[in-house]
Amino acid sequence: MKKYPSVTVLVTMKNSAHTIKKCIDSILKLDYPNKKIMCVDAFSTDGTYEILKKYGNKIELYQKKGNISIAYNWAYKKINTDFIAFTNADCVVKRDWLKKLISGFTSDDIVATAGYCATPKKVNRLQRLIGAELEYRFKTFPEFISRAPDMNLCVRTKIAKKIPWNEKLDVTQETDWGYRLTKYGKMRYIPDAIVYHYHRATWKNYFKQQMKYGRNTPILFLKHKEKIKGDHISTPFMMAEEYTFLLFLFFNLLAFLMHNIFFIISLCTFIFLLFLYLVDILRFSSNIRDIITYYRIYLTRTIAWTIGLGFGILDIIRGKK
């Protein structure tokens, strides 16, 4: 009989009542015998904790105040398995997900594995399009990567415990952690290790999510200056779009303060931004209706990032980060 290394599947959550049952049910159905399921709830108020209590001794259930990083650092102290596998409360894992992740540890220099993030079928149009753009990026990942979302990640426990999560970061903590983790060894990408992720279902929630990313970006780049040009997830194309939008705002400011010629320059900059969007979108979609919606998604994302960047810079100046 094949021996499987022990794995703790770690899930943190707060107010995830709409997806948490799907998530935990899928983990319980994993085709992997030597696993534990640890859930850390940040004192949800929507019934999430009550749903989790119904699983009884099938899961280890705890409550801990604070963000995801605080929960992870706290959970590390209780984990003694060979590996830790991470997924999120708004994800459903495929039955062979854990086996696929563990199969990637073929040598001692591989410290982590990560998998593919797909989109469930029964979602609204916004979620479907957000997912399709993200899936395109996942399809272009190389075999070895520098970071991965914590919705689909597995790491050697002895290595993980050497690297505390940055508790000052709210949403980019996985990026910072991944960059520091891969200084200890390689992270292998396993495209067959699949989770299905429920993306933000409303424009308001999508904007708020992207603004959080932008707000945490300044401190991230201060710690990892070499990544300001982008990587396999935040691609150079995406970074170019953000920098072009910032130039557009800069030329608008000059036009307001100095001369009308800068209005023309700002207009040309904005047209170039729309061109960058189109080139990016056409790489994975040629549907006219989808392209129009993607323009809205991209503009929403860029504006949210920019506003977030402003708040992030203020956070650093005020010493909050």
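Laboratory data are not the source of any read-out in this text; all were calculated from the coordinates shown. Everything numeric here is computed off the predicted structure, so don't read it as measured data. Because the Cβ atoms are built from the backbone with ideal geometry, glycine has one as well, and the counts that use them run over all protein chains shown.
Counting Cα-Cα pairs of the chain in 10 Å increments starting at 0 gives whole-percent bin shares of 5, 24, 34, 23, 9, 3, 1, 0.
Rounding to the nearest 20 debye, state how big the charge dipole of the chain is about its Cα centre with +1 on each Lys and Arg Cβ and -1 on each Asp and Glu Cβ. Can you show the working numbers first?
Numbers: 51 positive and 27 negative charges, 185 e Å.
Roughly 880 debye for the chain.
With a Förster radius of 30 Å applied to the beta-carbon distance between LEU314 and ARG283, the computed FRET efficiency rounds to 0.30. Helices that extend 18 Å or more along their long axis by alpha-carbon positions and average at least 0.5 on the Kyte-Doolittle scale are, among the DSSP H runs of the chain, 236-257, 261-282, 288-317. How much mean residue ellipticity at 222 nm does the chain get from its helices, if each DSSP H run of length 4 or more adds -39500 (n - 2.57) and you divide by all residues, to the nearest 500 deg cm²/dmol? So the calculated ellipticity at 222 nm is -15500 deg cm²/dmol. The residue among THR45, ASN216, HIS199 whose Cα reaches farthest toward the positive pole of the charge dipole of the chain, with charges on the beta-carbon of Lys, Arg, Asp and Glu, is THR45.
Only bridges with both residues in the chain count here: give the DSSP antiparallel percent, nearest 5. Percentage antiparallel, nearest 5: 35. By the count of neighbouring beta-carbon atoms within 10 Å, fewest first, CYS268, CYS39 end up ordered CYS268, CYS39.
Neighbour counts of other C-beta atoms within 10 Å: give me PHE43, PHE284 arranged from fewest to most. Spell out each step's value before the answer.
Numbers: PHE43 12, PHE284 16.
If I rank by nearby Cβ atoms, fewest first, I get PHE43, PHE284.
In region 106-197, what percentage of the DSSP-assigned beta bridges are antiparallel, given to the nearest 5? Write out the running numbers ahead of the final one.
Working: 5 of 13 bridges.
So the antiparallel bridges amount to about 40 percent of the total.
Sorted fewest first by neighbouring Cβ atoms within 10 angstrom, TRP97, TRP165, TRP203, TRP74 come out as TRP203, TRP74, TRP165, TRP97.
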